[in-house]
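Following: one structure in C-alpha cells, then a few remarks.
Since every read-out is calculated from the coordinates, none of them should be taken as a lab result. Quick caveat, the model's predicted, so the values are computed rather than measured. Cβ sites come from the backbone with ideal geometry, for glycine too, and all protein chains shown count toward neighbours.
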Amino acid sequence: MTAGGHVRMIEELRILKSVERPAVIRAIAEAREHGDLSENAEYHAARERQSFIEGRISELEDIISRSEVIDVSKLSGTAIKFGATVVLADEDTGEETTYQIVGQYEGDIKQGFLSLSAPLARALIGKTIGDNVEVVTPRGSKAYEIISVRFA
C-alpha cells in the first residue's frame with residue numbers, strides 16, 4: 001500500500017478506537033437504563049453499531065499488520081505501475097481524469113484512488129504515455145488515451 005493509504009488507515013483505526021468505540025459503549029449503557037432489552041430498539045441499534053465497529057477495528061489491524069508500505073516518491077519510469085498517478089482522456093468526450101493506482105484496500109474512485117485490482121487499473125499497468133486503453137464497464141466499453149504518468 002502507499003504511505004498515504006497507510007496513514008489514512010491508521011487514522012481511521014485511531015478514530016474508531018478513541019471516539020467511536022467509547023461513544024457506542026455509552027449508547028449501550030444509556031439504552032440499558034430504559035428497561036426491557038428485548039423490545040429496546042436503541043439497544044439493538046447500538047449493539048449492531050458496536051459489532052460493526054469491532055469488526056472494522058479487527059479488519060484494519062489485520063490489514064495494517066500485513067501491509068507493505070511503498071514510498072511512491074522513490075519510484076520512477078514512464079510505464080504505469082503501482083503508485084503511478086495517471087491522467088487519462090476519455091476518447092469520446094475528451095474529458096480528463098486523474099487517478100493514482102493504489103493498493104487493494106485504498107481504492108476510492110471518488111477521491112481519485114484507483115485500486116490495483118480494478119479493471120481499469122489492470123488495463124493500464126505496463127502502458128505508457130500516448131497509449132490507448134479500452135475497458136469494459138457495466139455501462140459498456142470505454143476508451144481512454146494516457147496523457148501523463150508521474151510518480152509523486
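Any idea how far apart S148 and R49 come out in nm if each label point goes 7 Å out from Cα toward Cβ?
With each label placed 7 Å out from Cα toward Cβ, I get 4.4 nm.
Kindly provide the helix-only [θ] at 222 nm of the chain, computed as the sum of -39,500 (n - 2.57) over DSSP H runs of four or more divided by all residues, to the nearest 500 deg cm²/dmol?
The per-residue figure over the chain is -12000 deg cm²/dmol.
Given the options I25, I57, I129, which has the most mean-square fluctuation in a GNM of the chain, springs set between C-alpha atoms less than 10 angstrom apart?
Evaluated over the chain, the most mobile residue of the options is I25.
Determine the relative contact order of region 3-66: mean sequence separation of Cα pairs under 8 Å and six or more apart, normalised by residue count, in whole percent.
The value is 44 percent.
Once Lys and Arg get +1 and Asp and Glu get -1 on their Cβ, which of L75, S117, A45 lies farthest toward the positive end of the dipole of the chain?
The one lying farthest along the dipole's positive direction is L75.
Using only Cα atoms, find the angle between the long axis of helix 21-32 and the longest principal axis of the chain, and express it within 0 to 90 degrees, rounded to the nearest 10.
The angle comes out at about 30 degrees.
What are the ³J(HN,Hα) couplings of region 92-102, residue after residue, when phi is run through the Karplus curve with 6.51, -1.76, 1.60 and θ = phi - 60°? Round to Hz, x for glycine and proline.
Working through the residues one at a time gives 7, 9, x, 5, 9, 9, 10, 10, 10, 7, 10 Hz.
Counting pairs of alpha carbon atoms under 8 Å apart in space and at least six apart in sequence, what relative contact order in percent does the chain give?
For the chain, the relative contact order is 23 percent.
Can you count the Lys pairs in the chain whose Cα atoms are under 20 Å apart, with each pair 8 or more apart or on different chains?
4
Hey, how much of the P(r) for region 3-66 falls beyond 15 Å, as a percent of Cα pairs?
55 percent
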